[in-house]
Amino acid sequence: MLPPTPEAVAHIEALDARLRWLSAWTIHNANHLRPSRDGLKVGGHQASCASMTSIMAALYFGALGPNDRVAVKPHAGPLLHAIHYLLGNQSRAQLEAFRARGGAQSYPSRTKDRIPVDFSTGSVGLGVAITAFASLIQDYLIAHGQLPASEAGRMIALMGDAELDEGNIYECLIEAYKHDIRNCWWIVDYNRQSLDHTTADRMFRRFDDIFETCGWRVITLKHGRRLAAAIAGPGGAALADWIDACPNADYAALTYQGGAAWRARLAADLGEGLAPLLAAHDDDGLALLMTDLGGHCIASLLEAYAEAASDDRPCLIIAYTVKGRGLPFAGHKDNHAGLMTPTQIAALRSQLGIAEGAEWEPWAGLGDNQAAALKAFVAASPAARLPVDRPHQPVPVPAIPAPAGDEQSTQAAFGRILFDLAKGSSALADRIVTTSPDVTVSTGLGPWVNARRLFRRQAMPDVFRAANIPSPQKWQGEAAGQHLELGIAEHNLFLVLAAAGLAAPLFGTRLLPIGTVYDPFIARGLDALNYGCYQDARFLLVATPSGLTLGPEGGAHQSINPPLIAMGQPGLVHYEPAYADELAVLMAHAFAHMQAPDGESVYLRLSTRSFPQVARSDGGWQAGAIAGGYWLRAPGPGAEAAIVAMGALMPEALAAWEALRDEVPGLGLLNVTSPDLLHRGWRAGGGQAARLLAALPAGARLVTLCDAAPAALSWLGGVLGMRVVPLGVDRFGQTGDLPDLYGTYRLDVEAVTAAMARALTGH
C-alpha cells in the first residue's frame, strides 16, 4: 500500500489527468474521427469516466496487491483500457477500434478484451455482487487447502452510485453477512447522477447504517484537502452544514453553472459569515474549491485504501465525485451520454499541453524528466503486477455408474449419484461444491450434504441432532463442508455459481460447482445466469421438477419455457434425461465438458416423476444421448412416422408407441436428450438431428411430445421438411394429479395417438 507522500500524490495526480485525457480521446475518436458507415452514435460515457479517474488512478497505481481482483464499473471501461495502455498491455490499435468489431470492448469483458479483465461488467449491480461471492469462494478454497492463505486477495468492485438502486445488491449483502465474508471492497463513485437524473439524497443518508448493520466498515470521502481546510477556517462550520444539506440536484447544477453561481448561492444562503472565504477566491478558484471532493483527492483516497486494508473486514468506500470532472459538461444532468465537441476536445488538449497529432502518445504534453519519472513510477506500481488468469490442472472424471432400481425419477437418481460420490474418495468428489437457494433437500441434495456437510468458516453444530430430535438431515456446518446453503434468492444462486465457476482462472484451482433450483424459478435469476455464462464461468445447473410433474403444487411451481430459455442462452447446454442411466452418462460428460477449453456450463432439467427404467442390450445409445438424442425404438424400413419425446413424458411416448406400432408399421421412437444441441447442429448445417431423422423416408410425419412449450421440439419438422404435430404445455398449469393434468393439456397416450392420426391424415 503506497503511503500518500507528496511525491506519490504528485505522480498519481499526473496519471489522473493522463487517464482522463486518454479515456476522453478514445471515446472522441470513436465518435468523431473514425469513419462511420451507419451513422449511429458510438457512445462511450466520457462523463462517467471522468468522475472515476482519481479513484482508479489511486487504486491501480497505489493500492492493489498482487492477488487483488477488480470489477470495474461498466461505464468506466475506457479508463481500464487507458490504464493498461500506460502499462503497455493495451495497443493503440485496440483503442482506436474502441466499440468496433475486434477492438476494445464497450464494457470490460473477460472473454472478448485482450487486456486482463477479472470480472465482466455491463449489467449494473451484478459485477458488484459477484465480488462478494468471489470472496466467499476464496475463503472456501483456503479452508479446503486448495489455495494458500498467503495468496488471498481483495475482491474489489468499482461501482456507480446509481448501482445501489439494484435489488440484487441487497440480496447479495444479506447473503454475504450470513457467510461472514472477508476481503471485499465496494468503492462507490458518488457523483450524484444516474442515467437520466440525479440520485436520491435521502438514501445516501442511510447507506452507512445499512452496510454497518451487515458488519461492513464504511469510509466516506466527502471533502478533499483544500475544501477540508476551508471548512476548518472562518465560517467553515456553516459551509460544512450547507454542503451536507445541499440537495444532489442543486449541487450538480451549481457545478455545471460554475463559480459565479456558486458565489451567488453561497452568499445568499450563508451571508456575511462566508464573506472572507468568498473574497479569497475568484470565480474559477471558487468552482475548483467547491468541487474539491474526496473522490478526487489522491491523498484522501490512498489513506482510505490503507484504512480499508488494515484488516479483512468488508469495506464500503463512498467517494464523493463530480460526474464529468474537468470536462465542459461537468454536473449537467444530461451528461451521462454526452460527448465533447471537436472544439471542446481541442480545448482540453491545449489545456494539457498535448500537441495536435500526439493525442495517442502516452506521455504527451510532459517534459522529458516528468515523463521518465512517471514511466518509472508506473513500472514500479502495483498495477504493473496485476494478476492474470492462473494456470490450473483439470480434475479427472471417472465413469459414473447409474444407480440401480427398476423404477426411478431423475431427481432421485441425481441425489443417489452424488451420494455415491460423497461416500467415496476421489478428486472429483473433493472438487464438487454444491449450492441451493433454500431448496437443498427438495432438489435431491440432502444425502450429499449429510455426507459432506455445510461450509462454514466457523463450526455450526446441528442443534436438532444434538438434542436427539429425529431428522434425516444432518445440518452441520464446518470449514471442510462442501455445500453453500443460500437464502431464497435465485440471483445469488447464479452469482455464486459464476464465482465458483471462475475459480480456475481467478484462483488457479478448479471447482466443479453444482447449483440446484426449482425449474420454474430459473427465470427469477436469468440476468445473473446470463452474466455467468457471458464471462465463461463453468457450472452445472440442476433444475427440477420439469413441466407439470409437480402437479399438486399448481401453476406457480410448474415450468413451461426453460428449454426455450436454454436454447437461446449462449454458454449453456441443456440436457433433459428421461432415465437414470442417461443421467449418469450425462453427469460424467458435464463434469468433463465444464473443464474443456471449448466447454460450457451445463443445465440438467430433471423430474420428480418415478417410472420404470428401460432395459439396455449395450451402450451404443450413450454417444447419441451426449450428442442430443438417439432412437429408443429405431424406425423400420419405410416407416411413415415417428414419435419424438423427451424427459418425463417418455412413459407416455413409449406406451403410445406400443399402442400404434401395429397400425403404423415401422414407427420409430426418438428420445431427445437435448433439444438445445440438436437445434445447434441443425443451424450449423444438419448435425445430430439430421442424422437421426435421415433414418425416416422423405415425407415421414412426426409427433413431438414434451413437458414444456411445444416449440422446444416442434422445429424438428424443419430439419428435413416433415409434417409435425407438436404436443406440449402452452398455458399456465393447474393443480391436480398427473393423469388429470396430462389429459387436460393433451400430453397423455390418447393425445399422442390422436396426434399421430392427424399427422398421417392431415386432419
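The values are calculated or read from the model by the stated rules, or taken from the named source; none is laboratory data. Because the structure is a prediction, the values reported are computed rather than measured. For neighbour counting, all protein chains shown are included, and Cβ atoms are generated from backbone atoms with ideal geometry for every residue, glycine included.
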Cβ-Cβ distance below 6 Å, separation of 6 or more or different chains: which pairs start in the stretch 639-660 with a residue that is touching a residue at least 40 places away in the same chain (Cβ under 8 Å) and end on one that is of a type in the set (Lys, Arg) and surrounded by 24 or more Cβ atoms within 10 Å (Cβ to Cβ)?
Ala648/Arg609
So which residues in the stretch 592-610 are out of contact with any strand residue (DSSP E or B) (no Cβ under 6 Å at 6 or more places or on another chain), in contact (Cβ under 8 Å) with a residue 24 or more places away in the chain, more than 26 Å from Leu702 (Cα to Cα) and in a loop (DSSP other than H, G, I, E, B)?
Met594, Gln595, Gly599, Thr608
Looking only at the stretch 43-54, decide whether some residue is surrounded by fewer than 24 Cβ atoms within 10 Å (Cβ to Cβ), part of a helix (DSSP H, G or I), in contact with a strand residue (DSSP E or B) (Cβ under 9 Å, 6 or more places away or on another chain) and not acidic (Asp, Glu).
no
Residues in the stretch 707-723: is at least one in a strand (DSSP E or B), closer than 28 Å to Met587 by Cβ and of a type outside the set (Ser, Thr, Tyr)?
no
For the stretch 147-166, enumerate the residues that are of a type in the set (Gly, Ala, Ser) and touching a helix residue (DSSP H, G or I) at 6+ places or on another chain (Cβ under 8 Å).
Ala149, Ala152, Gly153, Ala157, Gly160
Pick from Ser54, Ser120: which is in contact (Cβ under 8 Å) with a residue 12 or more places away in the chain, farther than 21 Å from Ala319 by Cβ and hydroxyl-bearing (Ser, Thr, Tyr)?
Ser120
Flag if Arg701 is touching a residue at least 12 places away in the same chain (Cβ under 8 Å), charged (D, E, K, R) and either surrounded by fewer than 22 Cβ atoms within 10 Å (Cβ to Cβ) or within 16 Å of Thr549 (Cα to Cα) (or both):
no
Counted residues, the stretch 418-474 - those being over 20 Å from Thr516 (Cβ atoms), small (Gly, Ala, Ser) and touching a Pro at 6+ places or on another chain (Cβ under 9 Å):
2
Might you let me know whether the stretch 529-540 holds any residue that is part of a strand (DSSP E or B) and at pLDDT 95 or above?
yes
Being farther than 19 Å from Val573 by Cα and touching a Gly at 6+ places or on another chain (Cβ under 8 Å) is the filter here, so list the residues in the stretch 622-643 that pass it.
Trp631, Arg633, Ala634, Pro635, Gly636, Pro637, Gly638, Ala639, Glu640, Ala641, Ala642, Ile643
Can you tell me which residues in the stretch 427-456 are among the charged types (D, E, K, R) and in contact with a Gly (Cβ under 9 Å, 6 or more places away or on another chain)?
Asp438, Arg452, Arg453, Arg456
If you check Arg99 against the conditions, is it charged (D, E, K, R) and closer than 19 Å to Ala30 by Cα?
yes
Could you tell me how many of the residues in the stretch 209-242 are surrounded by fewer than 18 Cβ atoms within 10 Å (Cβ to Cβ), in contact (Cβ under 8 Å) with a residue 60 or more places away in the chain and of a type outside the set (A, V, I, L, M, F, W, C)?
5
Condition check: assigned by TED's automatic domain parsing to the domain that holds Pro637, of a type in the set (Lys, Arg) and modelled with pLDDT under 95. Does Arg661 satisfy that?
yes
Considering only the stretch 245-255, state which residues are surrounded by fewer than 19 Cβ atoms within 10 Å (Cβ to Cβ) and either over 21 Å from Lys333 (Cβ atoms) or touching a residue at least 60 places away in the same chain (Cβ under 8 Å) (or both).
Ala249, Ala253
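Would you mind stating whether Ala427 is modelled with pLDDT of 90 or more, surrounded by fewer than 20 Cβ atoms within 10 Å (Cβ to Cβ) and assigned by TED's automatic domain parsing to the domain that holds Ala588?
Values: modelled with pLDDT of 90 or more: yes; surrounded by fewer than 20 Cβ atoms within 10 Å (Cβ to Cβ): yes; assigned by TED's automatic domain parsing to the domain that holds Ala588: yes.
Yes, satisfied.
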Can you name every residue in the stretch 112-147 that is surrounded by fewer than 24 Cβ atoms within 10 Å (Cβ to Cβ), of a type in the set (S, T, N, Q) and at pLDDT 95 or above?
Gln146
Among (1) in contact with a strand residue (DSSP E or B) (Cβ under 8 Å, 6 or more places away or on another chain); (2) in the same structural domain as His557 (by TED's automatic domain parsing); (3) in a loop (DSSP other than H, G, I, E, B), there is one condition Pro470 misses while meeting the rest; what is its number?
(1)
Could you check, for the stretch 436-455, whether at least one of its residues is small (Gly, Ala, Ser), at positive phi and buried (at least 18 other Cβ atoms within 10 Å of the Cβ)?
yes
Evaluate the following for Pro394: is it at pLDDT below 95 and under 30 Å from Pro447 (Cα atoms)?
yes
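Can you tell me which residue in the stretch 542-590 is surrounded by the fewest Cβ atoms within 10 Å (Cβ to Cβ), limited to those that are charged (D, E, K, R), part of a helix (DSSP H, G or I) and at pLDDT 95 or above?
Here the residue is Asp581.
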Kindly state which helices (runs of 4 or more DSSP H) lie completely within the stretch 253-324 and contain at least 2 residues that are more than 30 Å from Ala152 (Cβ to Cβ) and under 39 Å from the mean Cα position of the chain (by Cα).
283-290
Subset of the stretch 657-686, residues touching a Leu at 6+ places or on another chain (Cβ under 8 Å) and over 19 Å from Leu564 (Cβ atoms), comes to Trp657, Leu660, Arg661, Val664, Leu667, Gly668, Leu669, Leu670, Asn671
Go through the stretch 1-37 and give me each residue that's outside any helix (DSSP H, G or I) and within 31 Å of the chain's Cα centre (by Cα).
Met1
Whether any residue in the stretch 74-95 is in contact with a Gly (Cβ under 6 Å, 6 or more places away or on another chain) and without any contact (Cβ under 8 Å) to a residue 24 or more places away in the chain is what I want to check.
yes
Please work out which residue is farthest from Trp21 (Cα to Cα), limiting yourself to the stretch 61-80 and to residues that are in contact with a helix residue (DSSP H, G or I) (Cβ under 6 Å, 6 or more places away or on another chain) and assigned to a helix (DSSP H, G or I).
Gly62
